[in-house]
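Following: one structure in structure tokens, then a few remarks.
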Amino acid sequence: MTLALRVPEELSARVPAEQRGPGLDRDAVRLLVSRGTEVSHRAFAELPCLLRAGDLLVVNTSPTLAAAVDGRIGDARVVVHFSTRGDDGRWAVELREPDGRGTTRARAGGPAGTEVRLPGGVRLTLEEPLSARSGRLWWARAAGAPVTGLLREHGRPIRYSYTERDQPLSAYQTVFALPQPGGVGSAEMPSAARPFTARLVAELVSRGVQFAPITLHTGVASVEAHEPPYPERFAVPKASARLINAVKAGGGRVVAVGTTAVRAVESAAGADGAVRARAGWTDLVVTPERGVRVVDGLLTGLHEPEASHLLMLRAVAGRAAVDRSYEEALRGLYLWHEFGDAHLILPAEGRRPAPHAEHCFSNCR
């Protein structure tokens, strides 16, 4: 699974695009475009010229939570990352040690019964590991006040040491984020959609590109071990399922915005490739062996060489295409991580674009 490459530290995006210079917006990032092993270099603002009327973008509406909260175990300071809320009211949490540059040092959880004191009189009790595979995440029960209120009053967005400084929660929200029942959301931003602006969405719609909203609440990533994703809550509404099926039947391309969107729609697809309205938990890991049934393309960020997400990229594009694109990303000094550049994977085409598409390319910024 691991790519034979190393991402230099200087290619980590340290601040959001709009903070890198005057007059910049979120879409001021670069866009690596892959069609099979053919790679081209674009700007994200050119996305409307790279898609065509009848294409469909599947977007995740999960909002990002202020999921990091300072606490104490005895006299020791800890940071609690609230990952996922379970059906029984418990939360899957991760404990980390503060280091002043984000919260990047993992701390072993447990033993069961460990109590964490949090602001506002909230006490969190660790009950059991989320999985026998890893002691990183624990199911924990909060007492004293609702966790959603705790996060709203005392939480901040999760950040890691490759970023330059803390950012407001608004920097971690995408243009597609919507309030969710019960105040739930994603522990970490569904970052593939971050470069979209309202202006860019309007331009896409004017060109005949459609949008299908889904929801998948992301948990806390494993930045050290690059573990596969744990079960996550998702929903594919009836209208989106119907639209995806109609686009497929009409010969349009279904392009997922982010690995979360892939995971959601593929979890809602039957063996026949038809998507049905579905909500619940998914533990699906998309691999080349499993393949994809719905998604024709993927718009995503650049992932670490050890990340399990690369299996999904290979399921969509093939290993040779992914390896080639990542070599080009390194050669072109693209930026990694949630504030970094983007990667658009489209199906390989054996013919030249239609004349209207060529005209569109010539007028892209």
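A few points about this structure:
- Segment SER131-THR37, length gained on full extension (0.36 nm per residue, minus Cα span): 30.0 nm
- For region 281-299 and region 72-135, distance of Cα centres in Å: 31
- Against the main long axis of the alpha-carbon atoms of the chain, helix 319-331 sits at an angle near 80°.
- Taking the Cα centre of the chain as origin and assigning +1 to Lys and Arg Cβ atoms and -1 to Asp and Glu Cβ atoms, the resulting dipole is close to 600 debye.
- Sequentially through region 183-199, phi angles give Karplus couplings (6.51, -1.76, 1.60; θ = phi - 60°) of x, 7, x, 9, 5, 10, 4, x, 6, 4, 8, 4, x, 5, 10, 4, 4 Hz, Gly and Pro residues having no value and appearing as x.
- Taking every protein chain into account, the 1.4 Å probe leaves HIS81 with about 0 Å² of accessible area, to the nearest ten.
- Of the solvent-accessible surface of region 181-329, computed with a 1.4 Å probe and all protein chains present, 55% belongs to carbon and sulfur.
- Three-way shape label, region 171-290, alpha-carbon gyration tensor, a/c 1.5: oblate
- Most to least accessible of VAL205, VAL295 (protein chains only, probe 1.4 Å): VAL205, VAL295
- Among LEU346, PRO146, THR163 - extreme Cα towards positive end, dipole of the chain, charges at beta-carbon: LEU346
- Selected from VAL254, GLY208, ALA198, residue furthest toward positive end of dipole (region 196-316; charges at beta carbon): GLY208
- Based on protein heavy atoms only, the chain ends up with 42 Å² per residue of surface accessible to a 1.4 Å probe.
- Size of the chain as Cα extents on the principal axes (Å, biggest first): 68, 43, 37
- Here the chain carries DSSP beta bridges of which approximately 70% are antiparallel, counting only pairs with both residues inside.
The values are calculated or read from the model by the stated rules, or taken from the named source; none is laboratory data. Quick caveat, the model's predicted, so the values are computed rather than measured. Neighbour counts are summed over all protein chains in view; Cβ atoms, including those assigned to glycine, are modelled from backbone coordinates with ideal geometry. Note: accessible area is taken over every heavy atom of the protein model, side chains too, but ligands, DNA and RNA are not part of it. Shrake-Rupley method; radii C 1.70, N 1.55, O 1.52, S 1.80 Å.
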